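The structure appears below as structure tokens.
The values are calculated or read from the model by the stated rules, or taken from the named source; none is laboratory data. If you're wondering where the values come from, they're calculated on a predicted model, not measured in any experiment. With ideal geometry, Cβ positions are generated from the backbone for all residues, glycine too; neighbour counts draw on all protein chains shown.
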Amino acid sequence: MRHILAGAVALLMAVPAGAAELGDDGLHKQPWMRDTFLDLREDLGEANAEGKRLVLFFEQRGCIYCTKMHEEVFSDATVSDYINENYYVVQLNLYGDLEVTDFDGEVLPEKEMAQRWRVMFTPSIVFLPEEVPDDQTALDAAVSVMPGAFGKGTTLDMFTWVAEKRYALDNGEDFQRYHARRIQERNNGSFD
């Protein structure tokens with residue numbers, strides 16, 4: 001019995017707290033990431049049918065910033081639950097070979113689609129609207145792009161800002177002002 005207990009303790013100590021699962025492709029996986037045929041029109045239709053927003057996550061094998069996001073940000077239940085409840089997440093590999101069909105019908109491997117959309121950093125998160133004209137690319141249609149790893153507050157604020165469609169409001173509160181206001185509210189204790 002002691003050997004089993006000692007083995008279990010050793011195994012737990014070998015896996016860092018908050019460690020994110022890696023898939024066969026070397027990318028981090030979350031339960032709310034979808035496995036799709038990578039046809040963005042179909043993905044958008046599925047997202048809309050579920051009352052969610054389509055978002056594309058670009059990552060790459062060995063990305064230390066992707067690891068940071070998965071282990072320090074997405075491991076937080078508040079952030080993860082918000083994404084799960086409000087977003088239809090499709091993961092793309094910056095250097096992948098799976099074919100992606102863009103909204104305008106162009107079909108390219110993930111790595112070429114990343115070049116087409118000028119995605120150079122991982123993680124990069126592309127937020128899309130509910131409707132995209134047939135002649136637009138995902139980059140042209142994007143309502144926001146989050147290039148790089150950010151902390152919990154910034155990440156949650158970006159996902160909230162997009163879900164609330166604040167980018168479309170005419171009140172002058174762009175993301176930077178919105179984020180500054182949310183920080184102030186959190187610091188004052190008036191924000192949950």
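General remarks:
- Residue in the stretch 62-83 that is assigned to a strand (DSSP E or B) and either polar (S, T, N, Q) or over 16 Å from Leu156 (Cα atoms) (or both) present: no
- Any hit, the stretch 75-89, residues being farther than 27 Å from Thr137 by Cβ, touching a Gly at 6+ places or on another chain (Cβ under 7 Å) and not hydrophobic (A, V, I, L, M, F, W, C): yes
- The residues of the stretch 147-160 that are farther than 14 Å from Val73 by Cα and at pLDDT 95 or above amount to a single one, Thr160.
- Cβ-Cβ distances below 6 Å connect the following pairs, each with a first residue in the stretch 47-60 that is within 11 Å of Val89 (Cβ to Cβ), a second residue that is small (Gly, Ala, Ser) and at pLDDT 95 or above, and a separation of six or more residues or different chains: Leu54/Ala47.
- The criterion of at least 3 residues that are out of contact with any helix residue (DSSP H, G or I) (no Cβ under 8 Å at 6 or more places or on another chain) and either without any contact (Cβ under 8 Å) to a residue 24 or more places away in the chain or surrounded by fewer than 18 Cβ atoms within 10 Å (Cβ to Cβ) (or both) is met, among helices (runs of 4 or more DSSP H) falling completely within the stretch 122-192, by 175-188.
- Looking only at the stretch 77-113, and only at residues there that are aliphatic (A, V, I, L, M) and in contact with a Phe, Trp or Tyr (Cβ under 6 Å, 6 or more places away or on another chain), the one that is nearest to Val55 (Cα to Cα): Val89
- In the stretch 96-108, the residues that are surrounded by 16 or more Cβ atoms within 10 Å (Cβ to Cβ) and out of contact with any Ser or Thr (no Cβ under 9 Å at 6 or more places or on another chain): Gly96, Val100, Thr101
- A Cβ distance below 8 Å, combined with a sequence gap of six or more or placement on separate chains, defines the contacts here; from the stretch 77-91, residues that are more than 15 Å from Phe58 (Cα to Cα) reach residues that are among the hydroxyl-bearing types (Ser, Thr, Tyr) and surrounded by 18 or more Cβ atoms within 10 Å (Cβ to Cβ) in the pairs Val79/Thr155.
- Some residue of the stretch 74-83 being farther than 29 Å from Asp134 by Cβ, within 13 Å of the chain's Cα centre (by Cα), exposed (fewer than 15 other Cβ atoms within 10 Å of the Cβ) and not small (Gly, Ala, Ser): yes
- Taken over the stretch 101-121, the criterion of being closer than 28 Å to Arg166 by Cβ and not in a loop (DSSP other than H, G, I, E, B) is satisfied by Met113, Ala114, Arg116.
- The C-beta contact set for the stretch 13-35 (first residue part of a loop (DSSP other than H, G, I, E, B), second residue at pLDDT 90 or above and among the acidic types (Asp, Glu), distance under 8 angstrom, 6+ apart or interchain) comprises Pro16/Glu71; Gly18/Glu71; Gly18/Glu72; Ala19/Glu71; Ala20/Glu71; Leu27/Glu59.
- Ala20 of a type in the set (Gly, Ala, Ser), modelled with pLDDT of 95 or more and buried (at least 16 other Cβ atoms within 10 Å of the Cβ): no
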